[in-house]
Amino acid sequence: MTPSVPTVPPSAPASPARRRRRHPLRSTLAVVVFAFCVFPVYWMFSTAFKPSTDIQTDQPQLVPLSWTLDHFRTAIDSDGFWLFWRNSLLLTVGAVLLALVVALAASFAVARMRWRGRRAFLVLIFAAQMAPWESLIIPIYIMYRDADLLDRLPALTLIYFMITLPFTIVVLRNFLATVPEELEEAAQVDGCTRPAAFRRVVFPLLAPGLMATSLFGFITAWNEFAYANFLIIKDQDSRTLPVWLTSFQNTFGTDWGATMAASSLFALPALLIFLLLQRQVTSGFASGAVKA
């Protein structure tokens, strides 16, 4: 008769709290990376509130000892602030809406349909996304000059639209691929046409993806400087906010307090939109990253 071997109960899986305690280096690294990314933004906002005497000093202050709003008054009262704010807002919103409409149709054709040249089309989209748009400034400038499109806001909107379109197509295509086709088929069985099934069933499920791509397009177009600086030459009333920020530099130097205040006002819209739509944007990017 063989002796019985005592069985060892399997060890219980480690709790999430215990797993976090096993890797303190990850938390430390995350804090370091977060501080490295956030510190320039903090320095910009804190400098905007510092008096001029505390900005240009050999002993910089991490926490301002005194506060002032004079730099913000200088930025807001400068010539053309509200005009350039309106120009940037119109350009950005127009480019984002146009990119969403075109990309939604293109991503649906790529994700739901099978047609010759589909893979080549995707390769071209990825190539356009990876291409540095700054390298095309001279050819685009020559074409716009010959077509008499310089100093025109709609022409600049078209450039912003082309810059944001490839990324929008890629993300929406991957997001559409995660939506089961059976939902559309069930709607069509119930009597909906294909466009109606897409509008009533699929489109509401695309809200996180649309918000994610809209935010990316908004930030890209809102921050764009090179094309706005090269294509708006004579008509100074058609300038945008990134170009307006250079107005605080003159032959006597740079007004750093007003520059930081203007930069803070310039960064606020994108920052507020991201904070309001943080959850939807995060889920949208996560869903768009799934390989179809």
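Among L104, L90, L62, L136, which is the only one that is of a type outside the set (V, I, T), touching a Leu at 6+ places or on another chain (Cβ under 9 Å) and open to solvent by 60 Å² or more (accessible area, probe 1.4 Å)? Step through it out loud before you land on a result.
On the way: L104 fails: open to solvent by 60 Å² or more (accessible area, probe 1.4 Å); L62 fails: touching a Leu at 6+ places or on another chain (Cβ under 9 Å); L136 fails: touching a Leu at 6+ places or on another chain (Cβ under 9 Å).
Sole residue among the options that is of a type outside the set (V, I, T), touching a Leu at 6+ places or on another chain (Cβ under 9 Å) and open to solvent by 60 Å² or more (accessible area, probe 1.4 Å): L90.
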* Asked: Which members of region 236-249 meet the condition of being closer than 12 Å to G80 by Cβ and touching an Asp or Glu at 6+ places or on another chain (Cβ under 7 Å)?
  -> S238
* To do: Examine region 92-114 for a residue that is outside any helix (DSSP H, G or I), touching a helix residue (DSSP H, G or I) at 6+ places or on another chain (Cβ under 9 Å) and either of a type outside the set (S, T, N, Q) or closer than 30 Å to Q249 by Cβ (or both), and state whether such a residue exists.
  => no
* **Enumeration of residues in region 33-92 that are in contact with a Ser or Thr (Cβ under 6 Å, 6 or more places away or on another chain) and polar (S, T, N, Q)** => N87, S88
* To do: Inspect all residues belonging to region 27-49 and state whether any of them is open to solvent by 80 Å² or more (accessible area, probe 1.4 Å) and either assigned by TED's automatic domain parsing to the domain that holds A155 or at pLDDT below 85 (or both).
  => no
* Asked: So which residues in region 143-176 are in contact (Cβ under 8 Å) with a residue 60 or more places away in the chain and small (G, A, S)?
  -> A155
* Return the only residue of I125, I76 being in the same structural domain as I232 (by TED's automatic domain parsing), among the β-branched types (V, I, T), surrounded by 12 or more Cβ atoms within 10 Å (Cβ to Cβ) and not in a loop (DSSP other than H, G, I, E, B). => I125
* Asked: Can you name the residue in region 50-59 that is out of contact with any Phe, Trp or Tyr (no Cβ under 6 Å at 6 or more places or on another chain) and assigned to a helix (DSSP H, G or I) and, of all such residues, is most open to solvent (accessible area, probe 1.4 Å)?
  -> T53
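Quick grid of which residues meet (1) in the same structural domain as S107 (by TED's automatic domain parsing); (2) farther than 30 Å from D77 by Cα; (3) of a type in the set (A, V, I, L, M):
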residue: I142; (1), (2), (3): yes, yes, yes
residue: E184; (1), (2), (3): yes, yes, no
residue: D190; (1), (2), (3): yes, yes, no
residue: A196; (1), (2), (3): yes, yes, yes
residue: A228; (1), (2), (3): yes, no, yes
residue: I232; (1), (2), (3): yes, no, yes
residue: D235; (1), (2), (3): yes, no, no
* Just checking, which of F225, F161, F175, F203 is within 25 Å of the chain's Cα centre (by Cα), of a type in the set (F, W, Y), surrounded by fewer than 15 Cβ atoms within 10 Å (Cβ to Cβ) and farther than 30 Å from L69 by Cβ? -> F203
* Please verify whether region 216-230 includes one or more residues that are under 15 Å from S107 (Cβ atoms) and touching a helix residue (DSSP H, G or I) at 6+ places or on another chain (Cβ under 9 Å). => yes
* Being open to solvent by 30 Å² or more (accessible area, probe 1.4 Å) and part of a helix (DSSP H, G or I) is the filter; apply it to region 190-200 and report the residue that is farthest from L276 (Cα to Cα). => R194
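The values are calculated or read from the model by the stated rules, or taken from the named source; none is laboratory data. Not measured: the values here are computed from a predicted model. Using ideal geometry, Cβ is built from the backbone for each residue, glycine included, and neighbour counts are taken over all protein chains shown. What goes into the accessible areas is simple: the full protein's heavy atoms, side chains included, and nothing from ligands, DNA or RNA. Shrake-Rupley method; radii C 1.70, N 1.55, O 1.52, S 1.80 Å.
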